[in-house]
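To start, the structure under review is shown below, and the notes come after it.
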Amino acid sequence: MSLTEALRARRKRRAALRDCHSIADIRARARRRIPRFAFDFLDGGAEDESALARSRAAWGAIPLTPRVGRDVARRDPGVELFGRRWAAPFGVAPTGLTGLAWPGADLMIARAAAAANLPVAFSTLATATLEEAAAAVPEGHLWFQLYVPNRLETAFDLMRRARAVGVRVMLVTMDVAVLGKRERDLRNGFALPLRPTPRLAWDLATHPRWSLAMLRSGPPRFATYAPYAPPEAASDARELAAFIASQVMPSLTWDVLRRLRDAWPGI
């Protein structure tokens, strides 16, 4: 692709984003832009997704109460949290295998959050490394989300790496003691590496930009966690995914959390 063609494509993408006026608009555009198996993995929940539906309903049930008769000429949604001021009372939640949406998506999201002065929680199962993410944003914007593995030594080393790159805030996920049954993925036959099927071939052929981008960059991998896998697993996407699935700690108790808290000097 020539420079002129690349700039034209970039302007076209920006114009399309200007037509997105809500999260629902962006979600609909993502659904058209990336293959179904990738969208369903990133968009879906476990089993019949009843917990996902309840979460959405709970957020939708929170009312914003207007207070009329007040001077609102100057508005500031900023909030103080953990010793610094953020632009809004929310941040970017951690997402595993984000690079399935687009190559480099983890770092794109981190940079966008930092530019908006919002925190971004970086997942243990990200497709970039902790070190790459920390280098991409100003210090203090990056938080770290920890999936606690069976070997606490691995958790302690992940925490050491987070501290070494300036992370002060750590989130510990405790509600994934066993992996969920993701029915959308089962129906789509989704696994890493992708297994050739007629359905997959059609999915890739009808999303040529995504397919070409992945062909150039290579398939996404769990880059932050890869150093802890055996050599034969670290170099093979399927083996690495199976290894990570085997690392979930089913005995994650409050006692384990206390040990993590004692070892973490930050927030």
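The values are calculated or read from the model by the stated rules, or taken from the named source; none is laboratory data. This one's a predicted model, so the numbers in the text were calculated from it and none came from an experiment. Every residue, glycine as well, gets a Cβ built from its backbone with ideal geometry; the counts of neighbours run over all protein chains shown. Note: areas computed on protein heavy atoms with side chains; ligands, DNA, RNA excluded. Shrake-Rupley method; radii C 1.70, N 1.55, O 1.52, S 1.80 Å.
Only one of the numbered conditions (1) part of a helix (DSSP H, G or I); (2) open to solvent by 30 Å² or more (accessible area, probe 1.4 Å); (3) at pLDDT below 90 is not met by Pro250, and that is (1). Within the stretch 111-130, at least one residue is out of contact with any Phe, Trp or Tyr (no Cβ under 9 Å at 6 or more places or on another chain), open to solvent by less than 10 Å² (accessible area, probe 1.4 Å) and either assigned to a helix (DSSP H, G or I) or in contact (Cβ under 8 Å) with a residue 24 or more places away in the chain (or both). In the set (1) open to solvent by 80 Å² or more (accessible area, probe 1.4 Å); (2) over 15 Å from the mean Cα position of the chain (by Cα), the condition left unmet by Thr154 is number (1).
Identify, from the list Ala73, Ala51, Ala57, the residue that is of a type outside the set (Lys, Arg), more than 25 Å from Met170 (Cα to Cα) and not in a loop (DSSP other than H, G, I, E, B).
On the way: Ala73 fails: not in a loop (DSSP other than H, G, I, E, B); Ala51 fails: more than 25 Å from Met170 (Cα to Cα).
Checking each option against the conditions leaves just Ala57.
Within the stretch 161-178, does at least one residue satisfy the condition of being modelled with pLDDT of 90 or more and loosely packed, with under 12 Cβ neighbours inside 10 Å?
Residues of the stretch 161-178 that are modelled with pLDDT of 90 or more, as a first pass: 161-174.
Checking which are loosely packed, with under 12 Cβ neighbours inside 10 Å leaves us with 164.
Yes, the stretch 161-178 contains at least one residue that is modelled with pLDDT of 90 or more and loosely packed, with under 12 Cβ neighbours inside 10 Å.
Taking into account only those residues within the stretch 22-54 that are among the charged types (D, E, K, R) and open to solvent by 80 Å² or more (accessible area, probe 1.4 Å), which is farthest from Gly99 (Cα to Cα)? Step through it out loud before you land on a result.
From the stretch 22-54, those among the charged types (D, E, K, R) are 25, 27, 29, 31-33, 36, 40, 43, 47-49, 54; that's our starting set.
Pick out the ones that are also open to solvent by 80 Å² or more (accessible area, probe 1.4 Å) and you get 27, 31-32, 36, 47-48, 54.
Values: Arg27: 16, Arg31: 15, Arg32: 17, Arg36: 15, Glu47: 23, Asp48: 25, Arg54: 27 Å.
Going through the qualifying residues, I end up with Arg54.
Among residues of the stretch 253-267 being in contact (Cβ under 8 Å) with a residue 12 or more places away in the chain and outside any helix (DSSP H, G or I), the one that is most open to solvent (accessible area, probe 1.4 Å) is Pro265.
Test each condition in (1) open to solvent by 40 Å² or more (accessible area, probe 1.4 Å); (2) free of Cβ contacts under 8 Å to residues at least 60 places away in the same chain for His141 and report the one that comes out false. With respect to (1) open to solvent by 40 Å² or more (accessible area, probe 1.4 Å); (2) free of Cβ contacts under 8 Å to residues at least 60 places away in the same chain, His141 is out only on (1). Against the conditions (1) in contact with an Asp or Glu (Cβ under 6 Å, 6 or more places away or on another chain); (2) surrounded by fewer than 22 Cβ atoms within 10 Å (Cβ to Cβ); (3) of a type outside the set (A, V, I, L, M), Thr98 satisfies every one except (2). Apart from one condition, Pro230 fits all of (1) open to solvent by less than 30 Å² (accessible area, probe 1.4 Å); (2) modelled with pLDDT of 85 or more; the exception is (1).
Scanning the stretch 190-245 for residues that are of a type in the set (Lys, Arg) and either touching a residue at least 24 places away in the same chain (Cβ under 8 Å) or touching a strand residue (DSSP E or B) at 6+ places or on another chain (Cβ under 6 Å) (or both) turns up Arg209, Arg216, Arg221, Arg238. Annotation note: Cβ proximity below 9 Å between a residue of the stretch 67-89 that is among the basic types (Lys, Arg) and a residue that is at pLDDT below 95 and assigned to a loop (DSSP other than H, G, I, E, B) (sequence gap 6+ or interchain) occurs for Arg84/Gly140. Looking at the stretch 58-92, which of the residues that are on the phi > 0 side of the Ramachandran plot and surrounded by fewer than 10 Cβ atoms within 10 Å (Cβ to Cβ) is modelled with the highest pLDDT? Only one residue fits best here, namely Gly69.
Scanning the stretch 191-225 for residues that are hydrophobic (A, V, I, L, M, F, W, C), surrounded by fewer than 17 Cβ atoms within 10 Å (Cβ to Cβ) and not in a loop (DSSP other than H, G, I, E, B) gives Ala201, Trp202, Ala205, Leu212, Ala213, Leu215.
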